[in-house]
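Report on the structure given below.
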Amino acid sequence: MNWWRILLSLAGGYLLGSVSVAIVLTRRKGGDVRDKGSGNAGATNVARVYGIWVGLATLVGDGVKTALAMLVLGRLLAGSPGMAAAAFGCLLGHCFPLYFGFRGGKAVSVGAAIGLCLDWRLFLILLGVFLILAFSTKRVSVGSMAAAVAFPVGLLVLGGFPWYDLALGCFITVFVIFMHRENLKRLLKGKEPEFKLGKSK
């Protein structure tokens with residue numbers, strides 16, 4: 001492996017991940033989503049506060065930045081290992097954005113986009129797990145954490161992925177659950193609210 005290229009992929013992925021689509025879009029509407037709802041700069045909180053269309057725009061934007069990091073920057077610099085390194089960086093940038101005081105999202109949308117960039121079949125597995133758990137419990141956090149757990153499992157089931165993709169999958173599981181630690185506490189206490197959409201503003 002060409003380690004300096006991999007490090008560049010990691011750094012570039014972090015810088016791209018630090019472009020918080022949620023914050024940019026909501027500031028254009030005269031606010032900051034981190035001051036509203038759950039305080040999270042992610043697609044779910046944007047949809048909750050500003051409506052489904054702004055939430056979807058946030059989700060698409062997060063997917064685009066992830067694809068740019070992995071399929072353009074990482075792949076060009078170091079091939080498949082570069083893609084994995086860029087994905088790591090993009091996750092960190094999304095949750096701890098350099099440009100926005102290191103307060104960002106919870107890695108769910110970027111994690112899903114990483115799955116899509118690695119293999120569309122993996123993405124469908126993650127989406128299926130998310131939808132089943134989110135709708136059955138009426139809590140997005142449960143679906144998100146379940147999908148994160150399914151990430152490395154899906155890689156193993158599909159087979160043929162290198163060790164660094166499996167390491168990435170395991171990291172996503174731990175990282176997403178860590179970022180949802182407050183949700184976990186509320187779930188254990190029976191105080192996690194059900195998801196409800198807000199009105200577009």
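Tally the residues that are among the hydrophobic types (A, V, I, L, M, F, W, C) and within 20 Å of residue 142 (Cβ to Cβ), restricting the search to the stretch 78-117.
Looking only at that region, the number is 5.
Regarding residue 175, is this residue at pLDDT below 95 and of a type in the set (Phe, Trp, Tyr)?
No.
Inspect all residues belonging to the stretch 124-146 and state whether any of them is over 26 Å from residue 184 (Cβ atoms) and over 16 Å from the mean Cα position of the chain (by Cα).
Scanning the stretch 124-146, I find no residue that is over 26 Å from residue 184 (Cβ atoms) and over 16 Å from the mean Cα position of the chain (by Cα), so the answer is no.
Can you find a residue in the stretch 76-85 that is surrounded by fewer than 24 Cβ atoms within 10 Å (Cβ to Cβ) and either under 11 Å from the mean Cα position of the chain (by Cα) or within 27 Å of residue 131 (Cβ to Cβ) (or both)?
No, every residue in the stretch 76-85 fails to be surrounded by fewer than 24 Cβ atoms within 10 Å (Cβ to Cβ) and either under 11 Å from the mean Cα position of the chain (by Cα) or within 27 Å of residue 131 (Cβ to Cβ) (or both).
Condition check: within 24 Å of residue 47 (Cα to Cα), under 13 Å from the mean Cα position of the chain (by Cα) and either buried (at least 23 other Cβ atoms within 10 Å of the Cβ) or hydroxyl-bearing (Ser, Thr, Tyr) (or both). Does residue 66 satisfy that?
yes
For the stretch 40-63, which positions are surrounded by fewer than 24 Cβ atoms within 10 Å (Cβ to Cβ), in contact with a Leu (Cβ under 8 Å, 6 or more places away or on another chain) and either at pLDDT 95 or above or within 25 Å of residue 12 (Cβ to Cβ) (or both)?
Answer for the stretch 40-63, where residues must be surrounded by fewer than 24 Cβ atoms within 10 Å (Cβ to Cβ), in contact with a Leu (Cβ under 8 Å, 6 or more places away or on another chain) and either at pLDDT 95 or above or within 25 Å of residue 12 (Cβ to Cβ) (or both): 57, 61, 63.
Which one of these is among the basic types (Lys, Arg) and modelled with pLDDT of 90 or more: 185, 191, 199?
Testing whether each residue is among the basic types (Lys, Arg) and modelled with pLDDT of 90 or more leaves just 185.
Kindly indicate the residue of the stretch 1-15 that is buried (at least 19 other Cβ atoms within 10 Å of the Cβ) and not hydrophobic (A, V, I, L, M, F, W, C) and also nearest to residue 67 (Cα to Cα) among those meeting that condition.
Selected residue: 13.
When both residues are 6+ apart or on different chains and their Cβ atoms are under 9 Å apart, which pairs have a first residue that lies in the stretch 130-141 and is touching a residue at least 60 places away in the same chain (Cβ under 8 Å), and a second that is outside any helix (DSSP H, G or I) and buried (at least 16 other Cβ atoms within 10 Å of the Cβ)?
Listed pairs, sorted by first residue: 134/195; 140/195.
Which number in (1) touching a residue at least 24 places away in the same chain (Cβ under 8 Å); (2) under 18 Å from residue 96 (Cα atoms) marks the one condition that residue 35 misses?
(1)
The values are calculated or read from the model by the stated rules, or taken from the named source; none is laboratory data. Keep in mind it's a predicted model, so treat the numbers as computed, not measured. Reconstructed Cβ throughout: ideal geometry from the backbone, glycine too, with neighbour counts over all protein chains shown.
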